[in-house]
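Asks: Have a look at this one.
The values are calculated or read from the model by the stated rules, or taken from the named source; none is laboratory data. On a predicted model such as this, the values are computed, not experimentally measured, just so you know. Glycine also receives a Cβ, built like all others from the backbone with ideal geometry; neighbour counts cover every protein chain displayed.
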Amino acid sequence: MSDDLYRDIILDHYRSPRNKGTLDPADYSYEDVNPLCGDEIRIDVRVKDDKIDEIAFSGRGCAISQASASILMEMTDGKTLDEVKAITKEDLLEELMVPISPARLKCALLSLKVLKAGIYGVGHDDDE
Amino acid sequence: MSTAIQPSTIDGLAIRKDFPIFQQAPSEGRVPLVFLDSAASSQRPAVVIDTVSDFYARTNANIHRGVYQLSEQATLRYEEARHITAQFINAANPRECIFVRNTTEAINLVASSWGRANLNPGDRILLSVMEHHSNLVPWQLIAEERGAIIDYIPLTGDQRLDMEAFETLLKNEPKLVAVAHVSNAIGTINPIAEIVQKAHAAGALMLVDGAQSVPHMPVDVQALDVDFMAFSGHKMLGPMGSGVLYGKRKLLEAMPPYMSGGSMIRKVTLEKTTFADLPARFEAGTPAVADQVGLGAAMQYLSDLGMETVRQHEVELLDYALEQLLSVPGLTAYGPDNLDERAGVISFTLGDIHAHDVSSILDNQNIAVRAGHHCAQPLMHELGVTATTRASLYIYNTKDDVDRLIAGLHKANKVFGLE
């Protein structure tokens, strides 16, 4: 059995995370934890003309959760809010390019959960 | 307790023949299983699985109800399991052994029943920071409900209970002290006899969480003089859903029911109900009869090996493992170094690799360990970590298992470029 889970893409993003940091002020900040393993992710976003102008994540946790957050930054930077809302779990898992076992799904998907919660919050404000 | 390192008289490989799970062929492409997560839940020998099956096949009926033969046989087997349980922990009377689902339920029973009847605003309870959440959260809830205050015994630098601080906290005159015999997260064996004696001298009752001690070493509730002892069957070769609350008869008899309904009553009218004697008053509804009978078989299996022998086997493996772990770069192990104060639990961090990544890489080599906070978040906070990887030992483990673990950890280091 090879260590498919820890292929170069995961280790690359884990060691050299993209857009790691915080934005202050941000149009929104949202954070959540994975209570099972204590992964923490916070995502800050600045929005301009309905597009993601700047996005950053911070937090700590396993390689899967942190690499997934980094990959999500690449997937979303510059995208419209509608495009971000349309990103599915499957889209993110495909970008990870490694087989994720059921036990690790929560690690892999925490960043998307955080981003969606934040974005829908922003959309909510726009409606009001 | 003798923890001198003598050659184990248990042959882990031979023992494994008794456990069907180790006879299963690994799934395709995987090497044979190394199971190092018995602190979470042990495996079960065929005799336990067969006993449960045999109960359903031959003597299945509800207990304490029917006057027909099957029901009598079922009742007999259930009560026989209670006698075996009483012998196993040396309870003075089988009635002092209440059957529950697990340690968590046992502690909730005491917190709810004893706590509601005895805790008043301003009263104090004394716990420790190394408790499993199951010996923490029930007390927080009842303390909040009753206006009671919880104090916590802190740790020393080498992750033992700070006994000086304990004595100082006893001056707050807690009504009850509740402490784990053995830490599930880091394996510390607490000096429970001394803790009980000092708690009693200060006028407190003593509840011991025995979830990690009763399966692994001789435990004598009378010699320790504990007031309550909680433990789970599934961590000691028994079925999931089996467990025990031991309580001194006088105390249990004075406690109001916890759950109510069928089989725990003496007489019910529409105006008033009187309750059954021990142990039935705390066993409302149809219990996990077959599972408790299975737990009886597990206790007999362990007694045949001898609990001193079980402990000796784990000490020998622990000693070997702790020495081998020194060869792994970046590894930090938690818990006392002294084997007398250490159960077969090895909790560690590996460089800056997250415990879940270590665990996944070990899983790729079919090595089962636990990773996370081990339901002991306050303790993890004390250690300054969010999670550790934990390998825990039992009778069916061998030095080969330890060697596979060590090789797996070197592999993890290599994957993360640390070796």
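Asks: Listed residues A:E90, A:E40, A:E74; which is of a type in the set (D, E) and touching a residue at least 24 places away in the same chain (Cβ under 8 Å)?
Replies: On the way: A:E90 fails: touching a residue at least 24 places away in the same chain (Cβ under 8 Å); A:E40 fails: touching a residue at least 24 places away in the same chain (Cβ under 8 Å).
Of A:E90, A:E40, A:E74, the one residue that is of a type in the set (D, E) and touching a residue at least 24 places away in the same chain (Cβ under 8 Å) is A:E74.
Asks: Of these, B:E96, B:E28, B:E80, B:E72, which one is of a type in the set (D, E) and touching a helix residue (DSSP H, G or I) at 6+ places or on another chain (Cβ under 6 Å)?
Replies: B:E96
Asks: Moving to a separate point now. Hey, can you tell me all the residues within region B:341-387 that are among the charged types (D, E, K, R) and under 16 Å from B:L331 (Cβ atoms)?
Replies: B:D352, B:D357
Asks: May I pose another question? Please determine whether any residue of region B:42-50 is outside the structural domain of B:V214 (by TED's automatic domain parsing) and of a type in the set (S, T, N, Q).
Replies: Within region B:42-50, one or more residues are outside the structural domain of B:V214 (by TED's automatic domain parsing) and of a type in the set (S, T, N, Q).
Asks: Tell me which helices (runs of 4 or more DSSP H) are completely within region A:1-114 and hold 2 or more residues being more than 14 Å from every other protein chain (Cβ to nearest Cβ), or say none if there are none.
Replies: A:63-76, A:81-85, A:89-96
Asks: Looking at B:R342 and the list (1) surrounded by 20 or more Cβ atoms within 10 Å (Cβ to Cβ); (2) of a type in the set (K, R); (3) within 24 Å of B:L33 (Cα to Cα), which single condition is not satisfied?
Replies: The single condition B:R342 does not satisfy is (3).
Asks: Which residue, of B:N60, B:N90, B:N108, B:N102, is over 30 Å from B:E341 (Cα atoms) and modelled with pLDDT of 95 or more?
Replies: One residue alone meets the criteria, B:N60.
Asks: How many residues are buried (at least 19 other Cβ atoms within 10 Å of the Cβ) and either at pLDDT below 95 or in a helix (DSSP H, G or I) (or both) when one looks only at region B:130-140?
Replies: Of the residues in region B:130-140, 4 are buried (at least 19 other Cβ atoms within 10 Å of the Cβ) and either at pLDDT below 95 or in a helix (DSSP H, G or I) (or both).
Asks: Moving to a separate point now. When you scan region B:225-246, do you find a residue that is touching a strand residue (DSSP E or B) at 6+ places or on another chain (Cβ under 6 Å), in a loop (DSSP other than H, G, I, E, B) and aliphatic (A, V, I, L, M), even just one?
Replies: Checked against the condition, which is being touching a strand residue (DSSP E or B) at 6+ places or on another chain (Cβ under 6 Å), in a loop (DSSP other than H, G, I, E, B) and aliphatic (A, V, I, L, M), region B:225-246 yields at least one hit.
Asks: Being outside any strand (DSSP E or B) and under 23 Å from B:P378 (Cβ atoms), is that true of even one residue in region B:217-224?
Replies: Here is the first cut: in region B:217-224, the ones outside any strand (DSSP E or B) are B:217-224.
In the following step, the residues that additionally are under 23 Å from B:P378 (Cβ atoms) were identified as none.
No, region B:217-224 contains no residue that is outside any strand (DSSP E or B) and under 23 Å from B:P378 (Cβ atoms).
Asks: Looking at this structure, is A:R60 within 22 Å of A:L5 (Cβ to Cβ) and surrounded by fewer than 15 Cβ atoms within 10 Å (Cβ to Cβ)?
Replies: So A:R60 fits the description; yes.
Asks: A further question on this structure: Hey, can you tell me all the residues within region B:388-404 that are surrounded by fewer than 24 Cβ atoms within 10 Å (Cβ to Cβ) and either touching a Pro at 6+ places or on another chain (Cβ under 9 Å) or not β-branched (V, I, T) (or both)?
Replies: Within region B:388-404, B:K399, B:D400, B:D401, B:D403, B:R404 meet the criteria.
Asks: Which is out of contact with any helix residue (DSSP H, G or I) (no Cβ under 7 Å at 6 or more places or on another chain) and either surrounded by fewer than 24 Cβ atoms within 10 Å (Cβ to Cβ) or within 28 Å of B:L339 (Cβ to Cβ) (or both), of B:M229, B:M163, B:M236, B:M206?
Replies: On inspection, the qualifying residue turns out to be B:M163.
Asks: Which of (1) buried (at least 21 other Cβ atoms within 10 Å of the Cβ); (2) assigned by TED's automatic domain parsing to the domain that holds B:H83; (3) in a helix (DSSP H, G or I); (4) charged (D, E, K, R) is the odd one out, the single condition B:K250 does not satisfy?
Replies: Of the numbered conditions (1) buried (at least 21 other Cβ atoms within 10 Å of the Cβ); (2) assigned by TED's automatic domain parsing to the domain that holds B:H83; (3) in a helix (DSSP H, G or I); (4) charged (D, E, K, R), the odd one out for B:K250 is (1).
Asks: Kindly evaluate B:D291 against the criterion of being touching a Lys or Arg at 6+ places or on another chain (Cβ under 9 Å) and either buried (at least 22 other Cβ atoms within 10 Å of the Cβ) or not in a loop (DSSP other than H, G, I, E, B) (or both). Break it down stepwise before answering.
Replies: Details: touching a Lys or Arg at 6+ places or on another chain (Cβ under 9 Å): yes; either buried (at least 22 other Cβ atoms within 10 Å of the Cβ) or not in a loop (DSSP other than H, G, I, E, B) (or both): yes.
So B:D291 passes the test.
Asks: Is it true that B:I125 is assigned to a helix (DSSP H, G or I) and either modelled with pLDDT of 95 or more or of a type in the set (D, E, K, R) (or both)?
Replies: no
Rundown of residues vs (1) of a type in the set (S, T, Y); (2) more than 30 Å from B:S359 (Cα to Cα); (3) within 14 Å of chain A (Cβ to nearest Cβ), yes/no style:
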residue: B:S41; (1), (2), (3): yes, no, no
residue: B:A61; (1), (2), (3): no, yes, no
residue: B:R82; (1), (2), (3): no, yes, no
residue: B:P94; (1), (2), (3): no, yes, no
residue: B:I98; (1), (2), (3): no, yes, no
residue: B:N102; (1), (2), (3): no, no, no
residue: B:A106; (1), (2), (3): no, yes, no
residue: B:S128; (1), (2), (3): yes, no, no
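Asks: Oh, and also: Hey, among the residues in region B:97-121 that are in contact with a strand residue (DSSP E or B) (Cβ under 7 Å, 6 or more places away or on another chain) and part of a loop (DSSP other than H, G, I, E, B), which one's surrounded by the fewest Cβ atoms within 10 Å (Cβ to Cβ)?
Replies: That would be B:R101.
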